[in-house]
1. Determine the gain in length on full extension of the stretch residue 334-residue 166; use 0.36 nm per residue of separation and subtract their C-alpha separation, reporting nm with one decimal.
2. How would you classify segment 246-340 from its alpha-carbon gyration tensor, with a ≥ b ≥ c the square roots of the eigenvalues: rounded for a/c under 1.5, else prolate if a/b is greater than b/c, otherwise oblate?
3. Against the longest alpha carbon principal axis of the chain, how many degrees, from 0 to 90 and to the nearest 10, is the axis of helix 253-276 turned?
4. Taking Cα pairs under 8 Å and at least six residues apart, what relative contact order does the chain come out at, in percent?
5. Let me make sure I get this right: for the chain, a, b and c are the square roots of the gyration tensor eigenvalues over alpha carbons, sorted descending. Under 1.5 in a/c it's rounded, otherwise prolate if a/b > b/c, else oblate. Which is it?
6. Quick one: angle between helix 200-210 and the longest Cα principal axis of the chain, in degrees between 0 and 90, rounded to 10, please.
7. By how many degrees, 0 to 90 and rounded to 10, does the Cα axis of helix 364-379 deviate from the longest principal axis of the chain?
8. Between segment 23-72 and segment 245-324, how far is it from one alpha carbon centroid to the other, in angstrom?
Ligand SMILES: Cc1ncc(COP(=O)(O)O)c(C=O)c1O
């Protein structure tokens with residue numbers, strides 16, 4: 001088998017990441033809430049239009065922080081898609097909440113907004129949505145349901161930095177939002193995340209939970225003389241070394257997304273012929289969504305074709321990969337009583353999706369090679 005020489009993802013230096021890491025060291029503070037953390041948070045608040053952004057150690061931790069902040073308790077139910085990463089569920093399951101899974105739409109692969117209401121019970125506390133591949137959920141309808149039933153709305157916008165629903169940035173619309181800065185995302189620092197808060201009532205307590213249950217943030221601002229243990233909490237503060245790297249990337253948000261758009265459009269336009277011949281389906285972007293070009297996927301006609309194509313590409317040195325194994329039919333999902341057949345579209349789609357390499361440093365010649373191989377697979 002040929003060695004894979006086009007990986008699925010490849011992190012790279014894009015701006016002043018290394019310069020800023022040195023600068024953080026020179027400033028004499030590399031733990032949390034230093035100079036670069038403040039710069040990143042201010043940048044995110046201004047650019048994406050959110051009252052408070054707090055950097056965290058990951059998006060998973062931002063979601064855990066949200067679950068604590070909203071006082072979710074054992075037996076509370078949360079509504080979420082099953083076609084997502086474990087953290088969307090785990091952050092709430094850790095508080096004892098019960099995941100209630102909803103099927104996805106067959107066009108955007110986001111939670112089907114028309115199937116949410118039938119899952120709401122007296123125990124429902126929150127709707128947790130995922131903007132899959134950086135393409136927005138149908139927010140008007142989902143917000144209307146959340147409002148009608150008095151539910152929290154949490155946006156797991158792990159993949160969605162820079163993407164919009166109408167004129168609003170994803171992650172800034174619901175009660176609480178979160179982005180991921182894991183190396184596979186558009187903007188990264190290795191492992192990292194941010195919690196986004198628009199409601200003043202949550203800001204002070206979020207700072208406390210993030211700082212091991214102490215009011216240290218207030219102390220660092222010089223508002224109190226000593227800090228104390230005042231609440232439950234954990235160690236969710238990002239190191240300033242990582243924030244320095246992250247700031248180097250945030251500054252390049254525009255050029256990163258332009259490059260990704262170009263790669264995305266090239267895939268899309270070049271594969272249209274195969275779509276028209278009904279060999280595969282391409283992503284759908286509704287008119288209300290401005291994507292951030294996070295993921296480019298194709299949907300094959302069967303799981304067998306997906307596996308054949310995936311293996312064929314590996315033989316050609318290209319790593320294309322599937323995506324989530326639906327949470328409801330994973331070992332944990334089964335413990336909650338779910339079984340195969342409960343969410344037909346999620347199950348079927350998860351076996352047919354294939355994500356193609358898409359990253360900042362992917363070269364034109366490499367993308368042409370990938371596209372040629374896909375065409376050869378179908379046409380020859
Ligand atoms: C939808 C979704 N939520 C949460 C996460 C977790 O993000 P992190 O790795 O920053 O904890 C991911 C990671 O890929 C994700 O895709």
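1. On the way: separation 168, 0.36 × 168 = 60.48 nm, distance 3.70 nm.
The residue 334-residue 166 span can extend by a further 56.8 nm.
2. oblate
3. Result, in degrees: 30.
4. Numbers: 780 pairs, mean separation 87.9, N = 380.
Relative contact order for the chain comes out at 23 percent.
5. On the way: a/c = 2.06, a/b = 1.28, b/c = 1.61.
It is oblate, given that a/c is not under 1.5 and a/b is not larger than b/c.
6. Approximately 90 degrees, to the nearest ten.
7. 50 degrees
8. 29 Å
We did not get these values from a lab; they are worked out from the coordinates using the rules stated. The shown structure was predicted, so the numbers you read here are calculated from the model rather than taken from an experiment. When we count neighbours, we look across all protein chains shown, and the Cβ atoms used for this are built from the backbone with ideal geometry, even at glycine.
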